[in-house]
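Written below as structure tokens is the structure these notes are about.
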Amino acid sequence: MSNTESESPAAPTASAAARRAGLPFILVVVFLDVLGIGLALPVLPMLVGDYTASRELQSYWYGALVVAYGVMQFFCAPLLGALSDRFGRRPVILLSIFVLGLHYLLLAVAPSLWFMIAARVIGGITGASFSVANAYASDVTPPERRAKSFGLIGAAFGLGFICGPMAGGLLGAVSLQLPFYVAAGLSMVNALYGFFLVPESLPQDRRARFSLVRANPFTALLALSRQREIGHLVAVFALVVLAQLILQTTWVLFTHFRFGWGPRENGIALFFVGLVATIVQGALLGSLLRRFGDVKLALTGLAIGTLAYALYGLVQHGWMMYAIIVGNFISFAVGPALQSVVSNAVGPREQGVTMGALTSINSIMFVVAPSIGTPLLAQVSQLPPSDWRVGITFFVSALLQGIALFLARRHFAVRGFVRTV
């Protein structure tokens, strides 16, 4: 019996005000945060290129910026989650949003690559607030509805990617610094919105004592992996995230090297990714969950995603990327399905640390992914665009996703969810 099942009667104790305003607030927070990220996404690799003399150096320095952000996220995600378990979600989220805006402003005025590294360190500290947002959603949502709530958060995430990269690509065509100024302004608006309108979701009687041990990312991950109902899903989640982030951190440079795409073309492509993700997670997820359930949906998405990664690396024409995105639509449901399984396996007092641990997995993979992807891309950056080896990073993602599929089937087979491994 999971902890959530034994303590689920306590879940509805959040105030009525928090339930009415809580989830919509989180959706707005996630949307505006991702909108800011999306504004910068098609532009940051190009901005790095202004400070470097070759494609190889551009790849390496861009990787360093992503690593700096990921390292700080890894160490700070459980810390922010633990602080929110002790002091409430509201103050942690508001402070995080404000400092994230400062990080964008520093990137806009950065005079050097080292200054940009320092800005990314600051941004990574508070960019881990997604863990607190997920914990907030867990506070105000009954266990049986959490997969749908996480899907709505994913839809808000996707909606931010619909608007952000498109706007970032268009603004970046005017000035590479302009998207960062706009992202900083959006973060400040987001902070003001939360300050005046957000209710607290975690009552005093459900708060946990703060402990540095609980805030330690390694301790949080170890505790999560020991949960009986979770088991090897921690490894599955990590591999899925790593595969996704290798794709994400090399997408812009890959399409630039192979197709000659710039900020505008990448903005349009990422807009399309966000559109598909939003449709799946916002409109189709409920039907998919009813038809397949969490487990079968996750396994199906993993299988289709494995094939899609391999195809991304092989295509020779830009339009083919759009066809693969559409064919890969079910894979956008994998994250919410896995999050639901993990969230329902822990009690209400552990949601912050648990979501922080999952965010730490994302964060450490932000370190590992560019450490793998950008050096590989640098090695093939001088090859002819049509050479199949230019897609090496996507082939690595396909391998990782395939391993995740194998481990997930094995995990669920042991628990009787699937008939065979």
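The values are calculated or read from the model by the stated rules, or taken from the named source; none is laboratory data. Here the structure is a predicted model, which is why all the values come from computation and not from measurement. Using ideal geometry, Cβ is built from the backbone for each residue, glycine included, and neighbour counts are taken over all protein chains shown. Side chains included, ligands, DNA and RNA excluded: accessible areas come from the protein's heavy atoms. Shrake-Rupley method; radii C 1.70, N 1.55, O 1.52, S 1.80 Å.
Quick notes
- Residue check, GLY402 over 28 Å from GLY81 (Cα atoms) and open to solvent by less than 10 Å² (accessible area, probe 1.4 Å): no
- Enumerated helices (runs of 4 or more DSSP H) restricted to the stretch 15-115, each holding at least 3 residues that are hydroxyl-bearing (Ser, Thr, Tyr) and open to solvent by 10 Å² or more (accessible area, probe 1.4 Å): 55-87
- Unique match (being at pLDDT 80 or above, open to solvent by less than 50 Å² (accessible area, probe 1.4 Å) and in a loop (DSSP other than H, G, I, E, B)) among LEU202, LEU176, LEU186: LEU176
- Within the stretch 312-323, the residues that satisfy the criterion of being in contact (Cβ under 8 Å) with a residue 24 or more places away in the chain and either within 20 Å of ALA155 (Cβ to Cβ) or part of a helix (DSSP H, G or I) (or both) are TYR312, GLY313, LEU314, GLY318, MET321, TYR322.
- Some residue of the stretch 136-145 being open to solvent by 20 Å² or more (accessible area, probe 1.4 Å), within 30 Å of VAL280 (Cα to Cα) and basic (Lys, Arg): yes
- Residues located in the stretch 275-307, provided they are among the hydroxyl-bearing types (Ser, Thr, Tyr), at pLDDT 85 or above and open to solvent by 40 Å² or more (accessible area, probe 1.4 Å): THR300
- Applying a threshold of 9 Å to beta carbon distances and a minimum spacing of six or more residues, or different chains, the list of pairs starting in the stretch 374-395 at a residue that is at positive phi and ending at one that is open to solvent by 10 Å² or more (accessible area, probe 1.4 Å) and not in a helix (DSSP H, G or I) is empty.
Quick grid of which residues meet (1) open to solvent by 10 Å² or more (accessible area, probe 1.4 Å); (2) of a type in the set (Phe, Trp, Tyr); (3) within 22 Å of ILE364 (Cα to Cα):
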{"residue": "VAL234", "(1), (2), (3)": "yes, no, yes"}
{"residue": "PHE237", "(1), (2), (3)": "yes, yes, yes"}
{"residue": "THR249", "(1), (2), (3)": "no, no, yes"}
{"residue": "PHE254", "(1), (2), (3)": "no, yes, no"}
{"residue": "PHE257", "(1), (2), (3)": "yes, yes, no"}
{"residue": "TRP261", "(1), (2), (3)": "yes, yes, no"}
{"residue": "ILE268", "(1), (2), (3)": "yes, no, no"}
{"residue": "VAL273", "(1), (2), (3)": "yes, no, no"}
